[in-house]
Amino acid sequence: MGAINGKDYINRLNQLNNEIWYDGEKIEGLLSEHPAFKGLIQSKADLYDLQHDPKIKDEMTFISPVSGELIGLSYLQPKTKEDLIRRRKMIEHWARYSGGIMGRSPDYLNTVLMSFASSVSFFNNKDKCFPNNLQAFYELARENDLSFTHTFITPQVNRSYIYIENTDEPIAAKVIDKNEEGIIIKGARLLATQGGLTDEVLVFSVGKFLFNEDEAFAFSIPSNTKGLKFICRETFIGGQSSFNHPLSSRFEEMDSIVVFDNVLVPWNRVFYYSNAEVAGEFPIQSSFHPFTKHQVLTRQIVKTEFVLGIAELLIETINISEYQHIQEKMSEIIIGLETMKALLEKSENNAKLDEWGYMRPEIFPLQVAGNIFPKIYPRFTEIIQLIGASGMITLPTEKAFHSIIRNDLDFYLQGATKTAEERVKIFRLAWDLTMSSFGTRQTQYERYFFGDPIRLSSDLYKKYPKNEYIKVISNFLNLKKEE
């Protein structure tokens with residue numbers, strides 16, 4: 001089929017008839033017309049249309065090694081530094097459409113699957129592992145431009161160190177049986193962003209948090225698989241007006257709980273199961289972290305550029321650029337932006353072929369960026385709030401500008417360089433990004449994108465090569481080497 005367009009995506013999604021529960025009711029009818037989802041679905045359709053935009057098609061697609069058709073570049077397995085840069089440019093195109101707001105644009109999980117397939121040999125000769133299944137599924141997804149959600153977080157019943165689930169019915173999703181057709185999964189997983197709004201659900205486990213090997217598995221199944229249920233949170237769409245809610249009306253990515261009610265996963269869709277050692281080692285040994293962090297950092301750079309643009313437009317609108325405290329706040333954003341750009345460039349410049357012949361960006365600059373952004377993004381949102389001050393609160397709606405009080409609004413809400421309507425549009429964008437329920441979800445999302453920030457810091461410390469620095473100091477002090 002090759003790279004799909006927006007119409008293909010919407011038609012395919014509507015035909016799936018996934019079991020999605022919203023506000024206590026099962027969704028019926030066309031998913032693309034439901035008010036909680038239609039804005040996002042249309043935005044994703046626009047992303048797929050970019051794959052066929054004559055101006056950038058060559059930067060969004062590549063030729064399939066199987067069919068000769070053009071397929072999505074996010075599935076490209078890079079073998080050179082030039083391939084890495086091609087991937088980055090593709091990611092930038094999709095990220096700029098939403099200002100980096102869409103954390104689950106299709107390229108993220110396409111990159112996850114690509115990284116898995118690029119490390120498929122890791123599974124060779126390991127118990128209950130099926131490398132051929134993973135390779136075949138990667139090719140199926142690549143050639144048909146499948147869309148994905150994923151889930152790997154278990155329910156937060158008890159987060160103490162010593163908690164071991166001991167219930168008659170599984171809470172955390174686990175393998176409860178197997179037969180000649182496949183494995184049977186029962187239980188739940190959390191936080192499937194865009195759950196039910198994609199062709200497939202990619203499910204995998206993080207082994208170091210597992211106490212039970214029945215929870216260690218990886219597979220992908222269609223979103224309409226029997227027994228698979230998506231339970232949505234409340235929507236953060238403030239309304240359908242792009243004037244009033246310029247971000248949430250278009251880019252609200254619904255999060256959901258995924259319930260597996262005796263779900264049969266066919267054997268040809270199982271990548272591994274009941275192997276905690278593999279579940280723990282595969283994310284570390286594979287190219288999962290280098291490639292996904294490369295995609296995420298690229299998007300976060302675009303998002304920071306978006307934040308910088310909003311902040312400067314606020315400043316120009318109310319003419320406060322001469323204040324030194326404003327200049328100092330803007331410098332914080334600029335420093336963050338340039339730091340992340342430098343880290344991304346270093347990761348690409350220092351990329352090397354891995355043991356399986358694929359070009360991995362250097363992981364340490366990406367890990368550093370992954371530790372920086374969860375700290376600086378909340379500060380960026382605070383800076384916008386401080387710049388906007390009370391102007392972030394006194395914001396009339398689109399309807400007010402089409403009423404008899406229009407003259408009052410035009411006079412009292414004008415900016416130094418903008419009309420009242422323009423000023424309100426700018427401030428409503430800043431509000432939607434930083435103060436609405438949608439905006440606060442964005443902040444929490446970036447804080448925990450790759451997990452607990454403390455754990456990320458510990459992981460960087462433990463893996464960063466420090467011996468060379470120790471040798472320098474030891475030589476400086478003429479310390480004897482310990483036997």
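Scanning the range 392-407 for residues that are under 15 Å from Leu429 (Cβ atoms), of a type in the set (A, V, I, L, M, F, W, C) and open to solvent by less than 100 Å² (accessible area, probe 1.4 Å) yields a total of 2. Scanning the range 304-316 for residues that are within 17 Å of the chain's Cα centre (by Cα) and open to solvent by less than 40 Å² (accessible area, probe 1.4 Å) turns up at least one hit. For the range 317-360, the set of residues classified as open to solvent by less than 50 Å² (accessible area, probe 1.4 Å) and in a loop (DSSP other than H, G, I, E, B) consists of Ile320, Ala351, Asp354, Gly357, Tyr358, listed by residue number. Could you please let me know if Pro365 is closer than 17 Å to Pro465 by Cα and open to solvent by less than 50 Å² (accessible area, probe 1.4 Å)? Criteria met by Pro365. Filtered by the rule that a residue be of a type in the set (A, V, I, L, M) and surrounded by 18 or more Cβ atoms within 10 Å (Cβ to Cβ), the range 408-433 gives Leu409, Leu413, Ala420, Val424, Ile426, Leu429, Ala430, Leu433. Among residues of the range 91-111 that are without any contact (Cβ under 8 Å) to a residue 60 or more places away in the chain and farther than 16 Å from Val307 by Cβ, those with a beta-carbon under 7 Å from a residue that is among the aromatic types (Phe, Trp, Tyr) and surrounded by 23 or more Cβ atoms within 10 Å (Cβ to Cβ) at least six positions away or on a different chain give the pairs Asn110/Tyr75. Whether any residue in the range 250-262 is out of contact with any Pro (no Cβ under 8 Å at 6 or more places or on another chain), of a type in the set (A, V, I, L, M), closer than 30 Å to Arg88 by Cβ and surrounded by fewer than 18 Cβ atoms within 10 Å (Cβ to Cβ) is what I want to check. No, the conditions are met nowhere in the range 250-262.
Quick check: is even one residue across the range 283-293 open to solvent by 30 Å² or more (accessible area, probe 1.4 Å), farther than 30 Å from Lys81 by Cβ, in a helix (DSSP H, G or I) and not acidic (Asp, Glu)?
No: the range 283-293 contains no residue that is open to solvent by 30 Å² or more (accessible area, probe 1.4 Å), farther than 30 Å from Lys81 by Cβ, in a helix (DSSP H, G or I) and not acidic (Asp, Glu).
Restricted to helices (runs of 4 or more DSSP H) entirely inside the range 365-483, those with at least 3 residues that are within 30 Å of the chain's Cα centre (by Cα) and not hydroxyl-bearing (Ser, Thr, Tyr) are 420-434, 437-447, 453-463.
Please indicate, with yes or no, whether at least one residue in the range 248-266 is part of a strand (DSSP E or B), touching a Cys at 6+ places or on another chain (Cβ under 7 Å) and not polar (S, T, N, Q).
No, that holds for no residue.
Being surrounded by fewer than 19 Cβ atoms within 10 Å (Cβ to Cβ) and either assigned to a helix (DSSP H, G or I) or at pLDDT 95 or above (or both) is the filter here, so list the residues in the range 144-171 that pass it. Selection gives Asn144 alone. Phe449 meets each of the listed conditions (1) open to solvent by 50 Å² or more (accessible area, probe 1.4 Å); (2) touching a residue at least 40 places away in the same chain (Cβ under 8 Å) apart from (1).
Condition test on Lys346, is it basic (Lys, Arg), free of Cβ contacts under 8 Å to residues at least 60 places away in the same chain and farther than 20 Å from Thr443 by Cα?
When the stated conditions are applied, Lys346 passes them.
What are the residues in the range 172-199 that are open to solvent by 10 Å² or more (accessible area, probe 1.4 Å) and closer than 16 Å to Pro106 by Cα, if any? Answer for the range 172-199, where residues must be open to solvent by 10 Å² or more (accessible area, probe 1.4 Å) and closer than 16 Å to Pro106 by Cα: just Asp199.
Scanning the range 30-47 for residues that are hydroxyl-bearing (Ser, Thr, Tyr) and closer than 18 Å to Asp107 by Cβ gives a single hit, Ser43. Of all residues in the range 137-148, those that are farther than 17 Å from Ile63 by Cβ have Cβ atoms under 6 Å from Cβ atoms of residues that are in a loop (DSSP other than H, G, I, E, B) and open to solvent by less than 20 Å² (accessible area, probe 1.4 Å), 6 or more apart or on another chain, in Leu146/Asp199; Ser147/Thr198; Ser147/Asp199; Phe148/Thr198.
For the range 22-64, a tally of residues being β-branched (Val, Ile, Thr) and closer than 30 Å to Val258 by Cα returns 2.
Report yes if Phe291 is modelled with pLDDT of 95 or more, farther than 29 Å from Leu456 by Cα, aromatic (Phe, Trp, Tyr) and touching a strand residue (DSSP E or B) at 6+ places or on another chain (Cβ under 8 Å), otherwise no. Answer is no for this residue.
Would you point out the residue of the range 94-115, among those that are in a helix (DSSP H, G or I) and over 12 Å from the mean Cα position of the chain (by Cα), that is surrounded by the fewest Cβ atoms within 10 Å (Cβ to Cβ)?
Within the range 94-115, the match that is surrounded by the fewest Cβ atoms within 10 Å (Cβ to Cβ) is Arg96.
The values are calculated or read from the model by the stated rules, or taken from the named source; none is laboratory data. In this text the structure is predicted, and so the values were computed from the model without any measurement. Neighbour counts run over all protein chains shown; Cβ positions are idealised from the backbone, glycine included. Calculation scope for accessible area: heavy atoms of the full protein, side chains included, ligands and nucleic acids excluded. Shrake-Rupley method; radii C 1.70, N 1.55, O 1.52, S 1.80 Å.
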